[in-house]
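Read the figures in this text as sums done on the coordinates, not as results from a lab. The shown structure was predicted, so the numbers you read here are calculated from the model rather than taken from an experiment. Cβ atoms come from the backbone with ideal geometry, glycine included; neighbour counts cover every protein chain shown.
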Amino acid sequence: MAPKILVVEDEPAIHELISLNLEMAGYRVIGADSAEQASTLIQNELPDLALLDWMLPGASGVDLARKLRNETRTKELPIIMLTARGEEEDKLRGLETGADDYITKPFSVRELEARIKAVLRRRAPEMTADPIEYHGLRLDPGTHRVTGHSKGLQMGPTEFRLLHFFLTHLERVYTRTQLLDFVWGDHVFIEERTVDVHIRRLRSALEPSGHDKLVQTVRGSGYRFAKD
Ligand code: CA
């Protein structure tokens, strides 16, 4: 699924320009024109990346970035700040806002896309289209194919996303709630048992090449994709 980007910008012309271009580049876009509206949106659906304008009516983009970093649900959310040249830019450089990057207005669409890709690659590698190979298991997000020791492995879209997430987050243990947040995008309407169902399906999809053993259950905690 294409990454979902939240654009928070109060100037309609800039907002529209950014949204249109991101949509054309294949991203899904949700928009807000204030920090308050953005907070409400985020409660309903967690984006994969947030573009925050510094100067907003009410709470600033910097305030919003700090708030997002302080909340469990959004503390890992990749953030890029949009800022005006000059004083804002200088201040931002010296501030602990928790933003992953910032971009100075005016900027080209190409520059913005490059920054978004770079931040996603660093913070959410499962959102990029780079093929991943690990111990004979190969996943290609571009073609949606998975092979195990060069043999094709069949799996559904959810198992594919789950495997993509695991392959970009080796060894770490994730709870069912975390997996729902990261892989399903929003945990609000889905039961935790759903995760177990898809883990089981993923294991049987990986069985033909023996890679199913890499999907490990950590008792009382959740799941982990093991290194060997
Ligand atoms: Ca503004």
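Numbers for the structure displayed
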quantity: Neighbour-count order for Val183, Val218, fewest beta carbons within 10 angstrom listed first; calculated: Val218, Val183
quantity: Residues Met55, Met127, Met81, Met24, sorted so that the one with the fewest Cβ neighbours within 10 Å comes first; calculated: Met24, Met55, Met127, Met81
quantity: Loop-located GluC sites (Glu not before Pro) in segment 14-100 whose Cβ has at most 14 other Cβ within 10 Å (DSSP); calculated: Glu45, Glu71, Glu76, Glu96
quantity: Trypsin sites (Lys or Arg not before Pro) restricted to DSSP loop in segment 128-201 with at most 11 other C-beta within 10 Å; calculated: Arg172
quantity: Within the chain: Cβ-based charge dipole about Cα centre, in debye rounded to nearest 20 (Lys, Arg +1; Asp, Glu -1); calculated: 1160
